[in-house]
Each structure stands twice: as C-alpha cells, then as structure tokens.
1. How do the pairs read when you match residues in the range 127-155 that are in the same structural domain as G6 (by TED's automatic domain parsing) and charged (D, E, K, R) with residues anywhere that are at pLDDT 85 or above and assigned to a helix (DSSP H, G or I), using Cβ under 7 Å and keeping only pairs 6 or more apart or on different chains?
2. So in the range 58-81, with the set limited to residues that are touching a Leu at 6+ places or on another chain (Cβ under 9 Å) and more than 11 Å from V166 (Cβ to Cβ), which one is surrounded by the fewest Cβ atoms within 10 Å (Cβ to Cβ)?
3. Considering every residue within the range 135-153, establish whether at least one is crowded, with 19+ Cβ neighbours inside 10 Å, of a type outside the set (S, T, Y) and part of a loop (DSSP other than H, G, I, E, B).
4. Got a sec? Which helices (runs of 4 or more DSSP H) wholly within the range 192-311 have at least 1 residues that are in contact with a Gly (Cβ under 8 Å, 6 or more places away or on another chain)?
5. Looking at (1) farther than 22 Å from G73 by Cβ; (2) of a type outside the set (D, E, K, R); (3) in contact with a helix residue (DSSP H, G or I) (Cβ under 7 Å, 6 or more places away or on another chain), can you tell me which one I236 breaks?
6. Just for helices (runs of 4 or more DSSP H) wholly inside the range 29-110: which have at least 2 residues that are of a type in the set (S, T, N, Q), assigned by TED's automatic domain parsing to the domain that holds P259 and closer than 20 Å to E218 by Cα?
7. Give all pairs with beta carbons closer than 8 Å in which a residue from the range 37-64 that is touching a residue at least 60 places away in the same chain (Cβ under 8 Å) and over 13 Å from G6 (Cα atoms) meets a residue that is outside any helix (DSSP H, G or I) and among the basic types (K, R); count only pairs at least 6 apart in sequence or on separate chains.
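The values are calculated or read from the model by the stated rules, or taken from the named source; none is laboratory data. Remember, predicted model here, so these are calculated numbers, not experimental data. Cβ placement follows ideal geometry from the backbone for every residue including glycine, while neighbour counts extend to all protein chains displayed.
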Amino acid sequence: MSAEGGTKAILAALAANLGIAATKFVAFILSGSSSMLAESVHSVADAGNQGLLLLGGKRAQRAATPEHPFGFGRERYVYAFIVSIVLFSVGGLFALYEAYHKWHEAQAGHGAIEGRWWWVPVAVLLAAMAMEGFSFRTAINESNHVRGTRSWKDFIRSAKAPELPVILLEDFAALVGLAFALIGVSLALMTGNGVWDAVGTGAIGLLLVGVAVVLAIEMKSLLIGESATAAHRQRIERAIESTVGVERIIHAKTMHLGPEELLVAAKLAVSPGSDARGIADAINRAEAAARAAQPDMTLVMYLEPDIDFRHERTTSHETASTGRE
C-alpha cells in the first residue's frame with residue numbers, strides 16, 4: 001500500500017511541477033521578478049526530485065546478488081537523500097543567491113517589477129497554488145492510508161518508506177514558498193520597490209534550506225539503519241514467544257533493509273531437554289508465526305536457540321531450598 005500510494009503521490013507532484021515550472025519561467029521572462037525565478041528553479045528541482053524518487057523505487061526492485069545478498073531496498077533511501085541535497089543546493093541556495101543580488105539591485109534603484117506584464121506573476125502564482133494544492137491533497141490522502149493514528153510529525157519521523165514524507169514536505173514547502181512569492185511580488189508591485197521581491201526570494205530560500213535539512217536528517221537515519229516500529233516489534237515478539245517450544249526471547253534486534261523488508265535477529269530460550277529436531281521445529285514454527293503476524297512485510301529472520309539458563313537457575317535454587325528443608 002505504501003509503495004503504490006507513494007508512486008501515485010510522486011506522479012501527481014511530477015505532473016504539477018512540470019506545468020508550474022513552465023508557467024513560472026514565462027512569468028519571470030515577462031516580469032523580471034526574482035521571486036518568480038526562484039520559484040521556477042524550485043519547481044524544476046522538485047520535478048527532478050520526483051524523477052529521482054521514481055528511479056530509486058525502480059532500482060530497489062532488483063533481485064539480490066552475491067555482492068548484495070540482502071537486495072537493494074535501501075536504494076530508495078539513497079535517492080531520497082539525494083533529493084534533500086538537490087532541494088538544499090538547487091532550490092534553497094540558489095534562491096538565497098538570487099535574493100542577495102536582487103537586494104543589491106533594489107538598493108541601487110534597479111530591479112523593480114515593471115511593464116505591461118506586471119499582472120502575470122500574480123496570475124501564475126495563484127494558478128500554481130491551485131496545482132500545488134491538488135498535489136498536496138493527493139499526498140495527504142495517500143499518507144492517510146498508512147499513517148494510522150500518528151500525528152503528521154510522528155508520521156514523517158517514523159515512516160520507513162521515504163516517498164510520502166518527501167512529497168509531503170516538498171508540497172508543503174512549495175505552497176508556503178508560493179505564498180512568500182505572492183506577498184513579495186504584490187508588495188513590490190504596490191510600492192514600486194524591488195526590495196520586497198528580494199525579501200520574498202530570501203524567505204523562499206530559507207524555507208527550502210530548512211526543509212532540506214529536515215529531509216537529510218530523516219533519510220540519514222534510514223540509511224544508517226532503523227529498527228522496526230514499536231508496534232511491529234511487539235507483534236513479531238509476541239508471535240515468537242507464543243510458539244510451542246520457545247520459552248522466551250532472550251534478546252532480539254531488528255533493522256529495515258528497505259521500507260517493506262525487515263531483518264530480524266533473535267536469541268531464543270529453549271528447554272534444556274530439547275533435542276535438535278525439536279529445536280529446529282520450534283524455530284521453523286516461530287518464523288512462520290512471525291511472518292503471519294506481519295504479512296505486509298518481508299522478514300529476513302535469523303533465530304538462534306540457547307538454553308534458558310534463567311530457568312535453570314530458578315529450578316536449581318528451588319531444588320536446593322527443598323533439599324535444605
């Protein structure tokens with residue numbers, strides 16, 4: 001569900017950004033507004049980012065190889081991290097660079113938005129808001145299928161599939177950036193002072209840099225390797241411990257190999273009198289139970305049996321106490 005929903009959200013955002021970028025460039029050429037140029041480059045960067053997410057999803061589907069025995073699921077995290085770099089540099093830093101030059105032009109008495117096409121930036125920004133709103137709504141609807149009861153902040157921080165959080169943050173930044181551009185352009189038109197256009201451009205740059213940093217932090221965490229969510233761990237551990245032949249889990253660790261792939265390594269306590277066949281059967285039953293408890297995820301499991309020394313110590317203590325009596 002998350003992969004399908006992510007792809008739908010990506011395609012909606014890609015279509016919106018391609019159309020928006022073209023109209024913004026036309027508005028920039030006609031008006032000379034730096035806010036429109038910053039927003040144009042922002043839309044181009046966003047469209048490129050959606051292409052990167054689609055490429056990452058495609059490459060992640062490759063079969064495992066001897067060199068990469070756990071497959072390529074983390075490619076989705078790699079490309080999502082590249083998205084944060086593109087958003088930071090091509091989007092944020094370019095907007096700040098353009099704002100710096102526009103500010104100095106305005107201070108020198110140049111750079112005001114003039115000419116008979118003064119209304120074009122406002123019309124384009126309003127149209128862009130409508131298209132970005134459609135893309136944002138699609139991302140929200142698809143996210144709600146997998147978000148559950150989590151808040152939006154928790155969803156972005158805990159989601160293991162990178163596409164939906166990336167699209168959500170990009171679309172949110174796009175809408176806020178358009179509002180900044182609209183305010184800057186409107187004030188520049190009303191006052192005849194290009195400083196307001198520079199201020200709007202600078203606000204867009206700071207916004208994009210901030211969103212890019214948040215994305216980079218989240219994607220870095222996924223690249224390093226995150227464990228399963230608390231709910232997933234509890235379901236898997238309950239399933240294992242309820243298996244006949246397994247006394248308890250001594251310790252367990254999980255790590256995402258990809259959004260829908262989970263590595264599970266655990267040491268299981270078995271009865272001291274268990275034979276090899278009984279232990280093997282218990283492990284097989286535990287693996288089947290864990291996979292049944294988490295059917296929407298591929299589990300790569302390594303379960304190690306061990307004697308339940310805690311049980312042995314308890315038994316020995318009780319025996320010794322009985323003997324003393």
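1. E132/D171; E132/A174; E132/L175; E132/L178; E142/L164; R147/F155; R150/S158
2. Let us first name the residues in the range 58-81 that are touching a Leu at 6+ places or on another chain (Cβ under 9 Å), namely 70-71, 73-81.
Then keep just the ones that are more than 11 Å from V166 (Cβ to Cβ); that gives 70-71, 73-75, 78.
Numbers: F70: 13, G71: 18, G73: 22, R74: 20, E75: 19, V78: 18.
Only one residue fits best here, namely F70.
3. no
4. Filter on the range 192-311 gives 195-224, 276-293.
5. If we test I236 against (1) farther than 22 Å from G73 by Cβ; (2) of a type outside the set (D, E, K, R); (3) in contact with a helix residue (DSSP H, G or I) (Cβ under 7 Å, 6 or more places away or on another chain), just (1) comes out false.
6. Values: elements: 34-59, 75-86, 94-107.
In the range 29-110, no matching helices (runs of 4 or more DSSP H) lie anywhere.
7. Going by the 8 Å Cβ cut-off, the qualifying pairs are A60/R74.
Every residue, every condition in (1) modelled with pLDDT under 85; (2) touching a Gly at 6+ places or on another chain (Cβ under 6 Å); (3) closer than 30 Å to H256 by Cα, yes or no:
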position: I82; (1), (2), (3): no, no, yes
position: S89; (1), (2), (3): no, no, yes
position: Y100; (1), (2), (3): no, no, no
position: E105; (1), (2), (3): yes, yes, no
position: V120; (1), (2), (3): yes, no, no
position: L126; (1), (2), (3): no, no, no
position: F155; (1), (2), (3): no, no, yes
position: E170; (1), (2), (3): no, no, yes
